[in-house]
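Encoded as structure tokens, the structure appears first; notes follow it.
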Amino acid sequence: MFKVNENYLKLPGSYLFSTIGKKVNAYSAAHPDRKVIRLGIGDVTQPLAPAVIDALHGAVDEMGRAESFHGYAPDLGYEFLRNAIAEHDFKARGCEIAADEIFVSDGAKCDCSNIQEIFSLDNKIAVCDPVYPVYVDSNVMAGRTGVYNAKTETWSDVIYMPCTADNQFVPELPKETPDMIYLCFPNNPTGATLAKAQLQEWVDYANQKGAVILYDAAYEAYISEADVPHSIYECEGARTCAIELRSFSKNAGFTGVRLGFTVIPKELKCGDVALHSLWARRHGTKYNGAPYIVQKAGEAVYSEAGRAQLRQQVDYYMSNARYILEGLKAAGFTVSGGVNAPYIWLKTPDGMTSWEFFDYLLEEVNVVGTPGSGFGPSGEGYFRLTAFGSRENTVEAVDRIRGLQGI
Ligand SMILES: Cc1ncc(COP(=O)(O)O)c(C=O)c1O
């Protein structure tokens, strides 16, 4: 008789966004006349930029001719894309990252959940609390997190680094030494960022302790302030302790197109073993590459036209963020984020729990957000709104929330 991977059975409840989806669908089915505005899941709404569309059309035509047809992509991704990434995302920011240290993939969710495979099950992970749930759940599936305590909603073998109003949602160096440290800045869900000096402290700490930092920079395009680093490799010493995960989902609207990449510097080693080689092996064995068509679209993101068009798209979402931030502040809510990130983190009013506030907003004003407690125990009493809606919907949602009585 076969057996299942019992680690999966340890996962509590269902994935946060499925629970939200079910609640919203049930509400909409019961109230078909109401227009529900979704500022919950972090999905984009603007169409792909014209430069990207042109590249997609061009690549599709190439695939239709024998002389320019492309089959399997190279293991690490096409050089034209890796060169563009190395040039624009790293060299232009003074970071020393070579094209052959970049592994192209179909997105950061897969990469940030798969990357743990190249590490020992004995490693202890540290995560921010609240946190993007994928980091923890992928380690649960692997069997690295110990026993779940339903009361505290924590795992016995995970080091939690609370990010609360008391520390401006910036994690402090943990008391217990971790082996793998997940950091995501600009942060999902809180929208907080680290200044360069703060990130440098983490890099120094990781090098000193022999830990690896898994740095998720999926939202770097939203950074507006000068002293906030776009890449961990802006910090000295990061090449020996950090892996960076990037996505085209939020900077270029590729949530449905699918493209991302992981950077592993060749100096990042455990003894004599380079993590670069392990990931190259894993990639070569388990992955057959992002489609040529999509990688051509990714290349267009870095073209002059693509960069200008996408700057406008990011500005569009960030003007939504400002509208939410200012509108809710004016209505008396305690809010943060929204300056270097497309997420607004709001304290629930009147001591409501995150899910109580979710139900309240859904029922009273038909606005959907994400309950903070879904991101970890320190998210309780908070609520996340995204700036990824259309302008119209964002304005309408904020105006509806502002019109609530008794808040
Ligand atoms: C922090 C973070 N990392 C990774 C991802 C996933 O990115 P992708 O669409 O490239 O899989 C998301 C998406 O919401 C995210 O918020």
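Numbers at a glance
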quantity	calculated
Trypsin sites (Lys or Arg not before Pro) restricted to DSSP loop in the stretch 82-178 with at most 11 other C-beta within 10 Å	Lys151, Lys175
Surrounding net charge for Leu346, when Lys and Arg each add one and Asp and Glu each subtract one, Cβ distance under 10 Å	+3
Fully extended contour minus Cα-Cα distance, from Ser277 to Gln208, at 0.36 nm per residue	22.5 nm
For the stretch 307-321, 3J(HN,Hα) per residue [Karplus equation, 6.51 cos²θ - 1.76 cosθ + 1.60, θ = phi - 60°, Hz, x = Gly/Pro]	5, 5, 5, 6, 4, 5, 5, 5, 4, 4, 5, 6, 6, 4, 4
Cα-based equivalent ellipsoid, the stretch 259-407: semi-axes from gyration tensor eigenvalues, Å	39, 22, 14
Aspartates and glutamates whose Cα lies under 15 Å from that of Lys250, excluding same-chain neighbours fewer than 8 positions away	Asp43, Asp89, Asp106, Asp216, Glu220, Asp315
Distribution of pairwise C-alpha distances over the stretch 33-135, 10 Å bins, in %	10, 24, 35, 22, 9, 1
Antiparallel %, DSSP beta bridges [both residues in the stretch 52-304], to 5	45
Hz values of 3J(HN,Hα) by residue in the stretch 20-32 - Karplus curve (6.51, -1.76, 1.60), Gly and Pro given as x	4, x, 5, 5, 5, 4, 5, 5, 5, 5, 6, 10, x
Burial order of peptide ranges 269-282, 129-142, 160-173, 242-255 (average beta-carbon count within 10 Å, highest first)	242-255, 129-142, 160-173, 269-282
Relative contact order of the chain, defined on C-alpha pairs under 8 angstrom at six or more residues apart (%)	23
Per-residue Cβ neighbour rank within 10 angstrom, fewest leading, Cys241, Cys110	Cys110, Cys241
Magnitude of the charge dipole, the stretch 68-180, Cβ model with Lys/Arg +1 and Asp/Glu -1, debye to 20	200
Residues of type lysines that Lys3 reaches as a straight line, Cα spacing below 20 Å, ignoring anything fewer than 8 places off in the same chain	none
Unsatisfied cross-links (Cα-Cα over 23 Å) in the set Lys91/Lys286; Lys10/Lys124; Lys22/Lys329	Lys91/Lys286; Lys22/Lys329
Under 14 Å from Lys209, Cα to Cα: aspartates and glutamates that are on another chain or at least 8 residues apart	Glu176, Asp179, Glu201
Local electrostatic count at Trp279 - Lys and Arg +1, Asp and Glu -1, tallied over other residues with Cβ under 13 Å	-1
Sparse-neighbourhood loop sites, chymotrypsin sites (Phe, Trp or Tyr not before Pro) in the stretch 57-96 - DSSP loop, at most 16 other Cβ within 10 angstrom	Phe69, Tyr72
Karplus 3J(HN,Hα) series, Hz, for the stretch 355-366 with 6.51 cos²θ - 1.76 cosθ + 1.60 (x for Gly, Pro)	6, 4, 5, 4, 5, 4, 5, 4, 6, 7, 10, 6
Positive minus negative residues near Glu153 (Lys, Arg vs Asp, Glu; Cβ under 15 Å)	-2
Measure of compaction for the chain (Cα Rg per 2.2 N^0.38 Å)	0.99
Cleavage-rule hits, GluC sites (Glu not before Pro), the stretch 294-335, DSSP coil, Cβ neighbours within 10 Å at most 14	none
Mean ellipticity per residue at 222 nm, deg cm²/dmol - from DSSP H runs of n ≥ 4 across the chain, formula -39500 (n - 2.57)	-11000 deg cm²/dmol
Nearest-20 debye value, the chain charge dipole, Cβ charges on Lys, Arg, Asp, Glu	640
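Every number in this text was worked out from the coordinates using simple rules, so none of it is lab data. Being a predicted model, the structure only gives us computed values, none of them experimental. Note: ideal-geometry Cβ built from the backbone for every residue, glycine included; neighbour counts use all protein chains shown.
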